[in-house]
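Just passing along the structure, written as structure tokens.
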Amino acid sequence: MKIDQFQKEAKRTCAELGEKLNLCHMVFGMHTELDEYLKAVAKGDKINEIEEISDGCWFLANYCTFRGYNLNSLWKHSISTEKGLIHNLHTLDDMIKKYIAYDYPIPFDKEKEILYGICYNYQRMFNGVDVEHALENNINKLRVRFPDKFDSEKALNRDLESERKELSKGLE
């Protein structure tokens with residue numbers, strides 16, 4: 001699945017919480033997926049590692065949608081920085097915090113630089129995995145969970161076996 005299509009499909013399964021909460025949800029989500037990725041690495045669960053990176057990309061895609069960015073463009077032009085994913089996420093956290101608490105405008109150039117860095121770090125984390133295939137599996141997992149659109153009840157009561165089956169297609 002091409003990244004443009006992934007961004008469109010990701011929005012289909014995203015809860016709509018209002019502008020400021022949407023941004024919090026996406027930034028918090030990237031953090032929690034990073035934590036889950038690290039746990040999957042510790043367990044040596046490659047399928048789960050790929051899922052967690054793809055889930056992080058889902059949050060990134062929706063963040064970009066909410067902010068009017070084209071994820072594919074950011075992905076193609078991502079830049080290597082000395083700053084890792086954690087640093088980029090913390091910097092983005094601080095920008096969103098100031099926007100929410102102080103109504104401080106999000107500086108476009110700085111935000112875009114951070115998003116380039118996040119894209120670069122996700123690309124590195126995929127480490128030889130076919131990104132488009134992994135993203136497609138992620139969307140297929142979400143189609144199992146949410147056949148039509150996001151639903152709170154379905155988010156809480158998941159069929160993990162069916163979801164794992166979708167995630168592992170072509171990656172085993």
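Less than 28 Å apart at the alpha-carbon level, and either on another chain or at least 8 residues along: which lysines does that give for Lys43?
Straight-distance partners of Lys43: Lys83, Lys141, Lys154, Lys165, Lys169.
Sticking with this structure for a sec: Would segment 32-111 count as rounded, prolate or oblate if I go by the C-alpha gyration tensor, calling it rounded below 1.5 in a/c and otherwise prolate when a/b exceeds b/c, oblate otherwise? Each step should come with its number before you reach the end.
Working: a/c = 2.03, a/b = 1.67, b/c = 1.22.
In terms of gyration-tensor shape, prolate.
Further, regarding this structure: Counting pairs of alpha carbon atoms under 8 Å apart in space and at least six apart in sequence, what relative contact order in percent does segment 20-172 give?
On the way: 135 pairs, mean separation 36.1, N = 153.
The value is 24 percent.
Specify the angular offset, from 0 to 90 degrees and rounded to the nearest 10, of the alpha carbon long axis of helix 85-102 from the longest principal axis of the alpha carbons in the chain.
The answer is roughly 60 degrees.
Of the trypsin sites (Lys or Arg not before Pro) in segment 1-106, which ones lie in a loop per DSSP and count no more than 14 other C-beta atoms within 10 Å? Intermediate values should be presented prior to the final figure.
Details: sites: Lys2, Lys8, Lys11, Arg12, Lys20, Lys39, Lys43, Lys46, Arg67, Lys76, Lys83, Lys97, Lys98; in loops: Lys2, Lys83.
Sparse-neighbourhood loop trypsin sites (Lys or Arg not before Pro): Lys2.
Only one of the listed values, (i) 135; (ii) 115; (iii) 103, was derived from the coordinates as volume of the Cα convex hull per residue in Å³; which label is it?
It is the value labelled (ii).
Note the angle between two axes, namely the Cα long axis of helix 3-12 and the longest principal axis of the Cα atoms of the chain, as a number of degrees from 0 to 90, rounded to the nearest 10.
90 degrees
I'd like the orientation of helix 108-126 relative to the chain: the angle between its Cα long axis and the longest Cα principal axis, in ° from 0 to 90, rounded to 10.
For helix 108-126, the angle is close to 30 degrees.
Another question, then. To the nearest 0.05, how large is the calculated FRET efficiency for Lys76 and Ala42 if R₀ is 41 Å and r is the Cβ-Cβ distance? Provide the component values of the computation, followed by the final result.
Numbers: r = 32 Å, r/R0 = 0.77.
About 0.85, to the nearest 0.05.
Each value in this text was obtained by applying a stated rule to the coordinates, not by laboratory testing. Because the structure is predicted, anything quoted here is derived from the model rather than measured. A quick note on method: Cβ atoms are made from the backbone with ideal geometry, for glycine too, and the neighbour counts reach across all protein chains shown.
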